[in-house]
Amino acid sequence: MSFPEDEFVDSIPSLTTNEDFLTREILLTHNPDDRQLDSDMLLQLVESTFCSATENVIVLQSGACFHEFCNRVFAAKFDVISTGNIDLVGSEEPISLTISKISNEMLSGCFEGENLHRKTIILLEMLSHYRWDAKVVLALASFACSFGLFQLILQLQSDNALAGYSDKTVVAAWGLHSVGNKLSSLCTNLGEHVAKCQQQIETRYYDKLLQMFKEKHVDNQEVLSTLFPLQSEYPFKNSSSTECGILELENKVVVLLISKPELIPVDELFFLVQQTSDHPQRNKFEGSYEILWVPIPSSREWNLADKINFEFFSDRLPWFSIRRPWSLNSTVVSYIRQEWNFNDDPIMVVLNENGMVTNLNAMDMVWIWGPKAFPFSNSREKELWEQENCMLDLIINGISPSLTQWVEEGKNIYTIDQEKICTSLTFHKVQFFWLRLERIKRLISAYQDSDKTSKELAEFLDFNRNENWAIIGQGSSTDVLKLDAEKLKECLDLLPLWCKNVTTMGLVGAIKSGCEPSSAGGTCNHSELFPYEEGLVNKTVICGSCKSPMEKFVLYKCEE
């Protein structure tokens with residue numbers, strides 16, 4: 001069944017002005033495209049729906065089974081199954097959805113006395129892309145759908161109390177239910193779009209962070225603002241819980257202490273505070289750098305225990321901390337984990353005054369040298385290793401003021417791995433000694449392949465914590481002796497043999513002369529050259545080969 005478009009328009013007789021205006025208004029809604037609908041088959045389905053509804057009325061009145069009645073009515077209902085065999089070419093939506101939309105539009109506002117002319121025009125606009133025959137059949141099908149549902153409810157009144165209840169509240173409830181389903185579907189779609197947008201935002205933010213740390217900056221304000229874009233003018237707080245802004249860190253080296261909310265064991269935390277805030281050299285660099293604690297939990301979400309730990313430590317530690325770390329951007333957290341290699345173990349990432357990363361982990365530097373390591377950069381770390389020529393000073397520096405003073409005075413010092421006889425050091429200082437020693441061993445491993453002094457230090461510190469050993473040295477001298485427990489006992493047994501040489505050779509030289517074997521066979525012709533320095537003439541030098549005092553000669557060399 002079809003109507004040629006041109007013949008339909010030409011066949012319109014002479015109309016009055018109102019009729020002509022109405023006709024033109026209707027024709028303006030007509031904008032057909034390539035959609036093709038099998039109108040004949042859809043019309044047959046409409047006819048079967050009306051017939052089925054009429055038959056069901058007769059069947060129900062004759063006392064037929066209620067379930068049989070329902071089955072017959074639902075069999076004629078418009079759904080995906082019954083309309084799936086009807087061809088609709090050129091449309092993006094199924095025919096059942098089109099019929100449902102038109103049916104809903106017919107029913108909407110029908111109880112409020114809506115303008116029927118306006119509603120008709122709206123329906124024609126909804127059907128604007130269909131041919132005239134398809135418009136008629138679709139409108140009739142939509143009415144049949146509403147009629148079938150109404151007829152079903154009408155017939156169920158005698159058996160279903162809800163169907164017979166005409167309270168407007170129930171009608172409104174069904175309307176809200178329909179709206180709720182539509183909103184749920186809409187929210188699902190919006191959620192998918194929001195997730196995609198969020199993914200794009202995070203990707204661009206991550207790229208911005210990557211690019212930012214490649215560029216040069218006038219100060220560190222842009223970097224800190226990008227890392228911590230919190231919705232507050234004061235994103236940080238100090239130990240007294242005073243709110244602080246990013247300007248507090250301007251023109252300063254910022255050390256980002258990144259860790260879990262529980263930080264580190266309390267004893268290690270105590271020593272870390274000692275090395276950063278209570279160190280004797282801290283005043284020398286006052287105002288030059290600040291430590292900012294950035295707690296990141298192992299899981300993506302903050303739990304109650306994490307928040308309790310953060311509040312406890314942030315109110316007591318002498319550092320800056322993020323005021324609401326649980327609001328830290330997830331992209332920043334991902335950047336810290338991936339680019340700065342944060343794997344739950346505490347790290348100290350150093351940003352210089354311009355916001356550039358100068359060290360991805362200065363934790364070992366701080367443990368070993370404290371504020372002396374300022375500005376905590378990689379170049380400063382290398383410089384400190386090159387300056388370390390006294391083994392004894394390195395391993396005991398900062399442990400005790402008395403030990404540091406003895407080194408400066410050139411006294412003989414014995415470092416013995418036997419806590420029962422370490423009466424000069426408290427338990428906490430012994431623990432600090434071991435923590436620093438472990439850090440020295442770990443950090444020096446990165447330099448031992450390229451630096452001779454570092455290699456010697458690494459070999460010298462190659463020991464087992466469970467073994468007993470001793471280190472003997474004098475002041476800042478590079479001549480240091482390391483002995484295991486058996487060798488130390490042997491040297492002490494030989495005390496009568498070497499003690500007479502202490503005055504001339506020094507303690508370390510005397511022990512070496514008495515405990516280490518001399519070169520066998522013939523005269524030792526080993527020689528060493530030392531540049532002249534004040535007091536060298538009066539100093540006894542021990543031969544590295546035969547362990548005997550060496551004879552002194554003055555050598556003059558012409559530079560021409």
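What follows draws every value from the coordinates through simple rules; no lab data is involved. Quick caveat: nothing in here was measured; it's all calculated off a predicted structure. Please note: Cβ atoms are built from the backbone with ideal geometry, for glycine as well, and neighbour counts cover all protein chains shown.
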TODO: Would you please give the residues with an amide H less than 5 Å from that of Phe236, counting only those at least 5 places away or on a separate chain, with H modeled from the backbone geometry?
DONE: Cys244, Arg323
Task: Neighbourhood charge, 13 Å Cβ-Cβ cut-off, centred on Ser527 and excluding it, Lys, Arg +1 and Asp, Glu -1 - done: -1
Open item on the list: Given R₀ = 45 Å, what would the calculated FRET efficiency be for Lys307 paired with Glu92, taking r from the Cβ atoms and rounding to 0.05?
Closed with: 0.35
TODO: Add +1 for every Lys or Arg and -1 for every Asp or Glu among the other residues with Cβ under 14 Å from the Cβ of Ser241, and state the total.
DONE: +1
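Can you sort His193, His217 by how many other beta carbons sit within 10 Å, fewest first?
On the way: His193 9, His217 15.
In order of increasing Cβ crowding within 10 Å: His193, His217.
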- [ ] Please express the Cα-Cα pair-distance distribution P(r) of the range 221-384 as a list of whole percents, one per 5 Å bin, running from 0 to the bin with the greatest distance.
- [x] 2, 9, 18, 24, 23, 16, 7, 2, 0
TODO: Please go through the range 210-250 and write out the GluC sites (Glu not before Pro) that DSSP classes as loop and that have at most 12 other C-beta atoms within 10 Å.
DONE: Glu215, Glu233
Task: Above-threshold pairs, the threshold being 32 Å between Cα atoms, out of Lys429/Lys500; Lys208/Lys441; Lys216/Lys429; Lys382/Lys482; Lys429/Lys489 - done: Lys429/Lys500; Lys208/Lys441; Lys216/Lys429
TODO: Would you mind ranking Asp364, Asp315, Asp38 by Cβ crowding within 10 Å, fewest neighbours first?
DONE: Asp315, Asp38, Asp364
TODO: Would you mind checking the radius of gyration and Dmax of the range 260-355 based on alpha-carbon positions, in Å?
DONE: 14.1, 40
Open item on the list: Order these by the 10 Å Cβ neighbour count, fewest first: Glu301, Glu19.
Closed with: Glu301, Glu19
Open item on the list: Give me the net charge for the shell around Val218: Cβ to Cβ below 13 angstrom, other residues only, Lys and Arg +1, Asp and Glu -1.
Closed with: -4
